[in-house]
Amino acid sequence: MARSRSFDVRRQAGFPAVAITCFILLYLPIILLVVYSFNAGKSIAIWEGFSLQWYVSAWENEKVQDATIRSLIIATCASVIATSAAVMAALATTRSPKFKGYSVVFAMINQPLMIPEIVTAVALLIFFAMIKVATGYTGLWYLILAHSAFCIPFAYMPIRARLQGMDLNLEQAGADLYGTPWRVFRRITLPQLWPGVLAGAMLAFVISLDDVVITEFVKSAGQDTLPTYMLGQLRRVITPEVNAISTVLLAISVALVIAFYLLTKSGKPKQGDVQ
């Protein structure tokens, strides 16, 4: 009797054509965006020669500078807060026995992934509007807290996955040797967990840096971030300056992905390192 082959989607008829089509639709617009960021003319669709003028224009634009600094501050603070909360949530849901209501807690942590972002944005707008009226404070912390809340599940998933894949024997051995929970976490758990923490922090940073919907609803006057500034420019006059800014954001995202890959690759324990 002939041995049946396991199912492989790559062997299905039409798979190469579908895959190539998907890659073209996904990456061709990005390639065109990068190419036209070097356009010498003002058109975003007609090539008029190679030039770096739009990068220089974006670099010297004070509004772009202010929006960039504001975006980096918000993304950095939000990634730190979201990653810290995600670590505690991941430890609570992976290092303790299943409890009644576990599914509800898990759903609440991942709520921003399941509910449309516009709903979360409107809810945060109403919540922070009440606080603004009561306190009179209209500073940047509303955006930081809003981004932090939205980024928690993005940081939580890689951290939780890392914790689930870790061996508990070392942690149990540390506890048996009278190590306090904090000492066991600091000396045993955290050194093994750091690739997941780094992945979560990077993902939260990119999500915060890229966010438009929540920022547009929560921000006060004069608090434009780089994405909302670009959105405002698209409503007025579209020039390759927007392409140049988008290319820089793309380069930052790619650099973070490459850095994470190299760090996690070098951080993997070799066989025989842990006895």
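The values are calculated or read from the model by the stated rules, or taken from the named source; none is laboratory data. Computed from a prediction, not measured in an experiment: that's the story for all the values here. Methodologically, a virtual Cβ is constructed for each residue, glycine included, from the backbone with ideal geometry; neighbour enumeration extends over all protein chains shown.
Results, tabulated for the structure shown:
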| quantity | calculated |
| --- | --- |
| Test result for Ser96, within 26 Å of Ile159 (Cβ to Cβ) and either touching a residue at least 60 places away in the same chain (Cβ under 8 Å) or of a type in the set (S, T, N, Q) (or both) | yes |
| Residue within region 228-246 that is buried (at least 19 other Cβ atoms within 10 Å of the Cβ), charged (D, E, K, R), out of contact with any Asp or Glu (no Cβ under 7 Å at 6 or more places or on another chain) and not in a loop (DSSP other than H, G, I, E, B) present | yes |
| Test result for Leu140, under 23 Å from Ile69 (Cβ atoms) and either out of contact with any Phe, Trp or Tyr (no Cβ under 6 Å at 6 or more places or on another chain) or modelled with pLDDT of 90 or more (or both) | yes |
| Residues being in contact (Cβ under 8 Å) with a residue 40 or more places away in the chain, under 28 Å from the mean Cα position of the chain (by Cα) and either loosely packed, with under 15 Cβ neighbours inside 10 Å or assigned to a helix (DSSP H, G or I) (or both) - total across region 32-53 | 3 |
| Subset of region 89-120 that is part of a helix (DSSP H, G or I), closer than 25 Å to Asp167 by Cα and in contact with a Ser or Thr (Cβ under 9 Å, 6 or more places away or on another chain) - its residue that is modelled with the lowest pLDDT | Tyr102 |
| First in region 54-68 and closer than 14 Å to Gln223 by Cα, second anywhere and surrounded by 20 or more Cβ atoms within 10 Å (Cβ to Cβ) and polar (S, T, N, Q), Cβ under 6 Å, 6 or more apart | Ala67/Thr225 |
| Selection within region 169-221 - outside any helix (DSSP H, G or I) and not β-branched (Val, Ile, Thr) | Leu177, Tyr178, Gly179, Asp211, Lys219, Ser220, Ala221 |
| Pairs with Cβ under 6 Å, 6+ apart, first in region 192-207 and aromatic (Phe, Trp, Tyr), second part of a helix (DSSP H, G or I) and surrounded by 22 or more Cβ atoms within 10 Å (Cβ to Cβ) | Phe205/Ala75; Phe205/Ser79 |
| Cβ-Cβ under 9 Å pairs, at least 6 apart or on other chains, region 125-151 side of a type in the set (D, E, K, R), far side in a helix (DSSP H, G or I) | Lys132/Tyr142 |
